Amino acid sequence: MIYTLAGMLPMASAVILLPLYIHNLSTAAYGALAVYMVFTLLVQIVVTFSFDTSVYIHYHELKGDKNKLNVFISSAFVFMILLSLATALVLSVTGSLIFSVVFPEMNISFYPYGLASVGSGVFQALFRLHSTLLQSREKPETFFWSNVLSFSLVAICIIIGFEIYPNSLAGPIFGRLVGSIIPALWALSRIFREFGFHWDFSWLKSSLGFNTYNFIYQLQQWVINQFDRPLMIFFVTLSDVGVYDFALKCLIPVELLMNSLHSSFYPKVVSAVMAQTKKGSTPGINRYYHGLTAVVMLLICGSILALPWAIRIFVHRPEYHEAIRYIPYLGILYLFRCTRLFFTVPYGILKYTKPLPVIYMIVSLLKIILIFLLVGLMNIYGVILASVISAIVEVIMVRLNLRNVFDFQFNVVKVIIVPVILLILIVTLEPTLGLLYPDAVHFFYLISCIGMLLWAYKNEITLINPFNSQEGKTGNS
């Protein structure tokens, strides 16, 4: 639970700090901030170069030989520092030209906010790798408190930044930069004090091949999940980008709960799969994902019903209220993300990762092409439609590529049919009756969802009903 709570902080911070942003920034300024934050994440991915994945593996391989472990860990951090300096140097020279070409005649410039975003990405990358190492070494207390203090420091600096630079991007961007410096320096001091200062490139060669593969995967995930905001500003205003990003952030609690629930039972799924001779899903494994799907459906319907009320009451800038109309459609995306968690289980457990670069290359290109085709015609709805279509293609492709590797046997009603019925309800009612009677329609989604789940899980409900003495059969639950 400690690892899960602390690990959620980077994503949760987007929600926790959201009131500060929308109170101090216009939708246009917030849209610009969203673009800079996407750029910060890209720099973080580049500088980390997937060492956050390989360090976990190599630590367990080398922990029996202290000298080899010291050389590898120290060399990895030295490599990241050199890569950070090279990235900062290249971008300090070319950044202004790149931003002027990519974002012409827009309020997105490299100096000073882009350069500050580079710094934030670098320091966040160093601290993240240190956190991964703490988790690998099973030091939950240090992991938890370092992440809490790091987040608190960033939040305090952003608050101070808004006091010094009210209604300006300088507050959150420079506040994040200053707040990320101290945790990164603390992490480096701990690393070099414990493991010494070493540089042996031969120790890194075996890791760099693995890192490159995962680095490409992380870049593809960045394109799928983040790149839509920079692309949008070619077709819509920064204010539209801000409204879209605000709507996405409002639904992050659904993703946090979905991921934390998945993390809670994933080790049991791994144990169950690894104990099999013929790898495949079982009723026991399926129950976890059937339950997760039900919970996510309820969370989506609850969010669609509650978030418009919360936004109207607590968000005092009326331009942010435009986000309300997009929330039901964005909620649909989490239906596919939940299904994806189920169908991608074998890739990680069986280390069957060979098809993934091709799959996500196709999905990334498809989403980019669809955004170019649809945003000009449908505005923000075009971005959402592009995301939905690419999510459907992703789920289909990850499922089909496992036909000869993993035997999926699951309840189609619970995993596919019930979520699709909810999707059809939202897509059909939202643009019609939802415009006239939004509260009633959103309440109908929730009631319909509960009704469908009661029907789909009637056997399970019978088993847990304390007033029913008869035992039911769950079949392939």
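List of remarks:
- For segment 127-278, the square roots a ≥ b ≥ c of the C-alpha gyration tensor eigenvalues yield an a/c of 1.5 or more together with a/b not exceeding b/c, which makes the shape oblate.
- Gyration tensor verdict on the chain (Cα atoms; rounded if a/c is under 1.5, prolate if a/b is larger than b/c, oblate otherwise): oblate
- Here segment 197-255 has 66 percent of its accessible surface on carbon and sulfur atoms, given a 1.4 Å probe and all protein chains in place.
- Length-normalised contact order for the chain - Cα pairs under 8 Å, 6+ apart - percent: 20 percent
- Based on protein heavy atoms only, the chain ends up with 46 Å² per residue of surface accessible to a 1.4 Å probe.
- Multiplying the residue separation of SER448 and MET11 by 0.36 nm and subtracting their alpha-carbon distance yields 154.3 nm.
- Taking the protein heavy atoms of segment 79-154 in the context of the full set of protein chains, the accessible area attributed to carbon and sulfur is 68 percent at 1.4 Å.
- For segment 81-178, the set of GluC sites (Glu not before Pro) satisfying both a DSSP loop assignment and a count of at most 15 other C-beta atoms within 10 Å is given as GLU105, GLU138.
- Multiplying the residue separation of ILE424 and MET274 by 0.36 nm and removing their Cα-Cα distance gives an extension gain of 50.3 nm.
- Largest first, the three principal axis extents of the alpha carbons in segment 369-409 are 42, 17, 7 Å in whole numbers.
- Whole-percent carbon and sulfur share, accessible surface of segment 273-387, 1.4 Å: 70 percent
- Cα gyration tensor shape for segment 385-436, rounded if a/c is under 1.5, else prolate or oblate: oblate
- Once both labels are positioned 7 Å from their Cα atoms along Cα-to-Cβ, the gap between GLU138 and LEU463 label points is 3.2 nm.
- Net charge over other residues, Cβ less than 14 angstrom from the Cβ of GLY280 (K, R count +1; D, E count -1): +3
- Net lengthening on full extension, ILE164/ILE416 (0.36 nm per residue, minus Cα-Cα): 85.6 nm
- Modelled spin-label separation between THR432 and LEU208, with each label point placed 7 Å from Cα along the Cα-to-Cβ direction: 6.0 nm.
- With a simple spin-label model that places each label point 7 Å from the Cα along the Cα-to-Cβ direction, the separation between HIS23 and PHE192 comes to 3.9 nm.
- Amide H partners (placed H, <5 Å) of ASP407, local residues excluded: GLY280, SER281
- When you restrict to C-alpha pairs under 8 Å that are six or more residues apart and normalise by the size of segment 330-437, the relative contact order lands at 34 percent.
The values are calculated or read from the model by the stated rules, or taken from the named source; none is laboratory data. Keep in mind that this is a model prediction, so the values were computed, not measured. Quick reminder, even Gly has a Cβ in these numbers, built from the backbone with ideal geometry, and neighbours come from all protein chains shown. These accessible areas exclude ligands, DNA and RNA; they are computed on the full protein's heavy atoms, side chains included. Shrake-Rupley method; radii C 1.70, N 1.55, O 1.52, S 1.80 Å.
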